[in-house]
Structure formats: structure tokens, C-alpha cells
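To start, the structure itself, in C-alpha cells.
The values are calculated or read from the model by the stated rules, or taken from the named source; none is laboratory data. Not measured: the values here are computed from a predicted model. We place every Cβ from the backbone using ideal geometry, glycine too, and count neighbours over all the protein chains shown. For accessibility, only protein heavy atoms count, side chains too; no ligands or nucleic acids. Shrake-Rupley method; radii C 1.70, N 1.55, O 1.52, S 1.80 Å.
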Amino acid sequence: MERKLVSIQHIDHVEPIPGADNIQKARVMGWDVVVSKGDFAPGDACVFFEIDSQLPEGAPWAEFLRPRGFRVKTARLRGVLSQGLALPTSILDGDTPPVGTDVRERLGVVKFEPTPSDARDVAGPFPGAVPKTDEIRLQSMLGVLEELRGHDFFVTTKLDGSSATYFRPLEGPLVACSRNWALKPGPNPVWRMVERYALDTVLPPGFAIQGELCGPGIQKNRLGLGETDLFVFSVHDTRTGRFLDHADFIAFCARHGLRTVPVEHVVTGEAARAFPHTLARYLELAQGVYAGTRSRKEGIVIRPLVERHSPTLGGRLSFKVINNDFLLKDED
Ligand code: ATP
Ligand code: MN
């Protein structure tokens with residue numbers, strides 16, 4: 001699910017920040033955000049910009065972010081974590097639409113994208129039969145916690161590389177893709193994995209695998225790998241339109257000699273029923289380093305052991321929690 005980068009939301013809560021005269025701490029959905037004092041009372045509507053909003057140059061309300069390149073990033077102000085930006089609805093000059101309305105286009109906001117894809121490598125569109133890889137941030141969709149409650153689930157490490165999808169159609173050659181495009185065969189890391197794992201013969205027709213490519217030259221290579229490798233996080237059967245459940249996904253990867261993303265926890269039975277599904281608990285689990293390194297990990301991804309549809313997300317139940325230490329100290 002695409003997140004609503006800029007939307008109308010309620011201010012749930014406002015509290016003072018000790019020693020600060022001009023700013024306050026507010027809560028919007030699952031996000032803590034620092035606001036100007038006097039801008040909001042609890043229950044007020046606001047325009048909420050999620051982190052990675054790239055504000056338009058030239059709008060008076062965006063001017064204060066000029067020194068930061070107009071990008072909304074995680075920050076710490078007077079010791080308080082601030083994630084996002086809440087502005088009064090008066091910036092809309094016009095009617096305020098209902099809570100939940102996406103106003104990104106109306107305000108001319110785009111998403112900050114660190115690495116524009118290289119047009120020379122593109123062979124065509126992403127295959128329509130396979131869902132693109134994406135994970136929603138828990139803080140923007142707290143409703144998923146209720147949907148997971150009581151079910152067996154697992155937690156994987158979120159790797160900070162680049163997304164790759166390999167799809168073997170029922171007929172015709174393998175399609176290898178980056179996050180959004182099918183790529184031409186060539187010396188790119190996406191296609192190198194095709195040779196390394198013989199994906200064109202190993203994948204059963206109709207199946208797609210999706211994983212994170214990590215290695216030298218990809219992001220910061222926080223795993224410290226000597227050569228590029230693929231860490232699978234999803235297997236999709238396009239004939240049924242379903243993702244494999246955890247056990248089948250693990251077995252599939254083992255059978256075909258593929259690595260998976262690190263599985264940090266598998267929580268079942270009584271432990272799953274008693275598990276405290278709170279934002280605070282997940283923020284704790286998101287902390288730490290990549291196993292065997294000193295690099296802070298980017299976060300975690302949480303899914304039920306048996307695939308479930310999420311009414312909140314309008315798709316598979318799966319979400320990510322980003323490590324706030326990573327956002328503050330390591331994010332580009
Ligand atoms: P946002 O939508 O929050 O702005 P984004 O769309 O840029 O962020 P990411 O923050 O990179 O996406 O999170 C989703 C991506 O995480 C997936 O596309 C996938 O490539 C990657 N990923 C890395 N590790 C995992 C994992 N363990 N499970 C699932 N996805 C993972
Ligand atoms: Mn996304």
C-alpha cells in the first residue's frame with residue numbers, strides 16, 4: 001500500500017516540552033511530532049506530512065525548511081523525537097477536507113527518493129502479475145496491530161539494500177526487476193543473481209521471488225559483504241495470486257539454495273496469544289545491529305506465519321518498523 005505522504009489528520013494529544021517556550025510535543029496517528037506552541041489543541045485537524053515528504057520550493061509555509069532542502073526528516077528537538085510535520089489546515093487556503101484525505105498533490109509535495117533508477121537499464125514495466133515490494137510503516141497504520149493479535153507471527157531483519165524481483169512466467173523468459181522496472185540482462189547486480197542461483201531454471205513456472213540485494217556498492221553495504229547476495233523475503237505464486245506462508249517460503253528457499261532475510265523471531269502458540277502488540281514493543285525490537293556487524297540495523301518487518309488479508313492495508317498483512325536510532329544517525 002502506498003502511504004499517504006500528506007493527509008488531513010487529528011492531533012490526538014499535545015504536551016509541553018520541559019524548558020521549551022515555543023514548541024510542544026504532539027501525537028498524530030502513531031507519530032510523535034514537535035509543533036509550534038499555540039498551533040493546536042487536542043482534537044484539532046492538521047495537515048500531517050510524513051517523513052520523506054519533499055516540500056515545494058516557493059510555498060510560504062515550506063520556507064522554514066529551506067535550510068534542510070525542504071525535506072521532512074526524523075529529528076530530535078530539545079531531546080524530543082520528532083517524526084513528520086504538522087501544520088495548521090489554514091495552509092490549504094480553501095476548505096478542509098475530511099480526516100484521512102490525501103492532500104499531497106494539492107500541496108505539490110513529492111516523495112524524497114534517494115536513488116533515481118538508471119533509465120539505460122530498463123527493459124520494460126514491472127510485471128502486472130506480481131505485487132511490487134513495499135512495506136507500510138507501523139506508525140501510519142496502527143490498526144494492523146489488532147489484526148495480528150492472537151496469530152502466530154515472525155519478525156525478520158529489514159536489510160538496507162535494493163529490492164529485486166524475479167518472475168518466471170508460465171511461458172517465456174525470466175523477468176528480473178528492480179523496485180519498479182524490468183531490467184535488461186547485463187552486468188547489473190539484479191541480473192548477476194540470475195546466474196549465481198540459476199534462477200531461470202530453478203524457479204517453477206508461475207512463481208516469483210522477491211528479495212533484497214545487498215553487497216559492495218549497494219547503499220552502505222551495512223552487512224559488510226564481500227560480494228553481492230540476494231536475501232529473499234517473499235515467494236509469490238502468480239497462478240493462485242498468493243504469497244507462500246512462512247513454512248513454505250522457508251522450505252522453498254532451502255530447496256532452491258536461496259538465502260532468506262534473517263529471521264529474528266518466530267512467535268507461536270501461547271507466546272503469540274500473550275504477545276503485547278504495542279508500538280513501544282516493536283520500536284524496541286527494531287533496535288540493534290545487523291548480526292555479526294557493528295552497523296545499526298534499519299529495522300524489522302513483521303508478518304503472520306500464515307498469510308492474512310489486512311482490511312486496514314487492503315492487501316497482505318505485513319508491516320515494517322524502522323529503527324529510530326537509524327533514522328536519526330544513519331539515514332542519508
Ligand atoms: P516508505 O514507503 O515508508 O516511504 P519505501 O517505500 O522507500 O518507504 P522501504 O523503507 O525501503 O520502502 O521499505 C520497503 C522495502 O524494504 C521493500 O521494498 C524491500 O525491498 C525492503 N526490505 C528489506 N528487508 C526486508 C524484509 N526483511 N522484508 C520485507 N521487505 C524488506
Ligand atoms: Mn513504500
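Rounded to the nearest 20 debye, the dipole magnitude of the chain is 520 debye, with +1 charges on Lys and Arg beta carbons, -1 on Asp and Glu beta carbons, and the Cα centre as origin. Net charge near L305: determine it from the other residues with C-beta under 11 Å of the C-beta of L305, scoring Lys and Arg +1 and Asp and Glu -1. Charge balance near L305 sits at -2. Dimensions of the chain based on its C-alpha atoms, expressed as ranges along the principal axes with the largest first, amount to 63, 52, 39 Å. A probe of 1.4 angstrom, applied to the heavy atoms of all protein chains, finds W61 with accessible area near 40 square angstrom. Summed over the residues of the chain and divided among them, the accessible surface reaches 47 Å² per residue at a probe radius of 1.4 Å.
When all protein chains stay in place and ligands, DNA and RNA are ignored, the 1.4 Å accessible-area order of H309, H256, largest first, is H309, H256. Y290 contributes an accessible area of around 10 Å² to the protein surface, as traced by a 1.4 Å probe with all chains present.
With only Lys, Arg, Asp and Glu charged, each at its Cβ (+1 for the first two, -1 for the last two), find how big the charge dipole of the range 175-308 is about the Cα centre; round to the nearest 20 debye. Walk me through the numbers before you get to the answer.
Working: 17 positive and 13 negative charges, 64 e Å.
Its charge dipole is roughly 300 debye.
Helix 246-255 and the longest principal axis of the Cα set of the chain meet at an angle near 40°. Among I91, I11, the sequence by solvent-accessible area, most first, with a 1.4 Å probe is I91, I11.
Share of pairwise Cα-Cα distances greater than 15 Å in the range 37-86 is 53 percent (whole percent). Take the Cβ atoms of D200 and R66, set R0 to 45 Å, and the FRET efficiency comes out at 0.35. The label point for L92 and the one for L328, both projected 7 Å from the Cα toward the Cβ, are 3.3 nm apart. Entry for the range 157-223 at q = 0.14 Å⁻¹: log10 I(q)/I(0) = -0.40, Debye formula applied to identical alpha-carbon scatterers, no solvent contribution.
Quick one: dipole size for the range 6-111, taken about the Cα centre, charges +1 on Lys/Arg Cβ and -1 on Asp/Glu Cβ, in debye to the nearest 20.
On the way: 12 positive and 14 negative charges, 95 e Å.
Computed charge dipole of the range 6-111: roughly 460 debye.
Can you give the calculated 222 nm mean residue ellipticity of the chain, where each DSSP H run of n ≥ 4 adds -39,500 (n - 2.57) and the sum is split over every residue, rounded to the nearest 500 deg cm²/dmol?
My calculation for the chain gives -3500 deg cm²/dmol from helical runs alone.
The distance between label points at V266 and D245 comes to 1.2 nm (points 7 Å beyond Cα on the Cα→Cβ vector). Shown here is the pair-distance distribution of the range 60-157: with all Cα-Cα distances grouped in 10 Å bins from zero up to the longest one, the shares run 9, 27, 32, 25, 7 percent.
Look at the dipole of the chain built from charges on Cβ: of A75, T293, V232, the Cα furthest out on the positive end belongs to T293.
With the whole protein complex present, F231 retains an accessible surface near 10 Å², based on a 1.4 Å probe. Debye calculation, C-alpha points only, no solvent: report log10 I(q)/I(0) for the range 16-56 at q = 0.31 Å⁻¹, in the same order as the q values. Debye intensities relative to I(0), on a log10 scale: -1.19.
Relative to the compact-globule estimate of 2.2 N^0.38 Å, the Cα radius of gyration of the range 241-313 comes out at 1.29. Each listed q (0.10, 0.13 Å⁻¹) maps to a log10 I(q)/I(0) for the range 139-287 from the Debye sum over equal C-alpha point scatterers, namely -0.41, -0.68.
Heavy atoms only, probe 1.4 Å: what % of the accessible area of the range 71-223 goes to carbon and sulfur, would you let me know?
54 percent
What the pair-distance distribution of the range 6-111 shows, using all Cα-Cα distances binned every 10 Å from zero, is 15, 50, 32, 3 percent. Think of the range 193-332 as a dipole: +1 on every Lys or Arg Cβ, -1 on every Asp or Glu Cβ, centred on the Cα centre; then among P216, H277, V202, H277 lies furthest on the positive end. Only one residue of F49, G124, L183 has its Cα farthest out toward the positive end of the dipole of the chain, where Lys and Arg carry +1 and Asp and Glu -1 on Cβ, and that residue is L183.
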